[in-house]
Amino acid sequence: MKGPETSGNGQVPVLECMGVERRFGGLVAVSGVDLRLEKGEIFGLVGPNGSGKTTLTNAITGFYPPQKGKILLGGKDITGTAPHKVAGMGVARTFQNLALFNGMSVLDNILLGRHIHMNPGVIRTALYWWLARPEEIANREVVEEVIEFLQLESIRHELVDGIPIGLKKRVELARALVAEPHLLILDEPMAGMNQEEKEYMARFILDARAERGVSVLLIEHHMDVIIGICDRMLALNYGEMIASGIPREVIKNPRVIEAYIGGAHGE
């Protein structure tokens, strides 16, 4: 049996999509999409609204399995795998629309990201001091370290309802990082931010790659961010690939220019 294809450096890609297609009735959301994300890479995924970026992300994470094509994670076929199982295989994500729990503190929201590493049960609860408490302490240590890493100490006990959107995005990133993922999928993590907040977030993403060894699939509208921190990128339009490669070369592609500043999208 043929093993998983390796990259030029001899490593199996962290993520590989091959001919992925997803339809909703008669609407083709993505069609024939190929994507290859290497270990330690920050890979940009761009395109106008409605181009299929989030649909592709949902296909990768198991929310909308593709009707055609394959998705490999570390060389293993995960096509159609349930979302909770994909998360358990080391994939964490943030969402385009914030998915924080209002009425809960920053700390409690971040703690929720540790759920895949927890082993709840009646026996463990009954034997809290011997079984559950050491696990709780270990989980807390991970959370505290990420809070410090993302400089959230000053708002740790505040309700997420009342903090600015830039900090909310940082809290959501923290919740993803405490899951200790191998692959981090960020769906427009800088939406609604000012320039200073964008620069902070870009630095945190770069540091997460450097210090935590995560590979990143970054969905963004801000081309300056894609050019600044991504190693490679893929541009979509109407669910199809229109260009891929080094960011500074892709943005010069006439089809990418047309998708962003001309045509029906009017972006």
* In the range 56-87, what residues are within 13 Å of the chain's Cα centre (by Cα) and within 27 Å of ARG255 (Cα to Cα)? -> LEU56, THR57, ASN58, ALA59, ILE60
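Does ASN194 satisfy the condition of being more than 18 Å from VAL33 (Cβ to Cβ) and polar (S, T, N, Q)? Reasoning before the result, please.
Numbers: more than 18 Å from VAL33 (Cβ to Cβ): yes; polar (S, T, N, Q): yes.
Criteria met by ASN194.
Take the residues in the range 86-103 that are in contact with a strand residue (DSSP E or B) (Cβ under 7 Å, 6 or more places away or on another chain) and not hydroxyl-bearing (Ser, Thr, Tyr); name whichever of them is surrounded by the fewest Cβ atoms within 10 Å (Cβ to Cβ).
Filtering the range 86-103 for residues in contact with a strand residue (DSSP E or B) (Cβ under 7 Å, 6 or more places away or on another chain) gives 89-96, 103.
From what's left, not hydroxyl-bearing (Ser, Thr, Tyr): 89-93, 95-96, 103.
Numbers: MET89: 15, GLY90: 18, VAL91: 25, ALA92: 23, ARG93: 24, PHE95: 16, GLN96: 14, GLY103: 9.
If we take residues in the range 86-103 being in contact with a strand residue (DSSP E or B) (Cβ under 7 Å, 6 or more places away or on another chain) and not hydroxyl-bearing (Ser, Thr, Tyr), then GLY103 is surrounded by the fewest Cβ atoms within 10 Å (Cβ to Cβ).
For the range 171-178, check the following and say yes or no: at least one residue is within 30 Å of VAL12 (Cβ to Cβ), surrounded by fewer than 17 Cβ atoms within 10 Å (Cβ to Cβ) and of a type outside the set (Phe, Trp, Tyr). If you could, list the steps in order and put the result at the bottom.
Taking the range 171-178 as the starting set, the residues that turn out to be within 30 Å of VAL12 (Cβ to Cβ) are 172-178.
This time we only want the ones that are surrounded by fewer than 17 Cβ atoms within 10 Å (Cβ to Cβ), so: none.
There is no residue in the range 171-178 that is within 30 Å of VAL12 (Cβ to Cβ), surrounded by fewer than 17 Cβ atoms within 10 Å (Cβ to Cβ) and of a type outside the set (Phe, Trp, Tyr).
Does ILE165 satisfy the condition of being over 12 Å from the mean Cα position of the chain (by Cα) and at pLDDT 95 or above? Explain how you work it out, then say what you get.
Numbers: over 12 Å from the mean Cα position of the chain (by Cα): yes; at pLDDT 95 or above: no.
Here the answer is no, as ILE165 does not meet what is asked.
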* **Verdict on HIS221 being at pLDDT 95 or above, under 23 Å from THR55 (Cα atoms) and of a type outside the set (A, V, I, L, M, F, W, C)** => no
* Asked: How about the range 6-59: which of its residues are of a type in the set (A, V, I, L, M), out of contact with any Gly (no Cβ under 7 Å at 6 or more places or on another chain) and crowded, with 16+ Cβ neighbours inside 10 Å?
  -> LEU15, VAL33, LEU35, LEU37, ILE42, LEU45, VAL46, LEU56, ALA59
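The values are calculated or read from the model by the stated rules, or taken from the named source; none is laboratory data. Model, not experiment: these values are computed from the prediction. Note: ideal-geometry Cβ built from the backbone for every residue, glycine included; neighbour counts use all protein chains shown.
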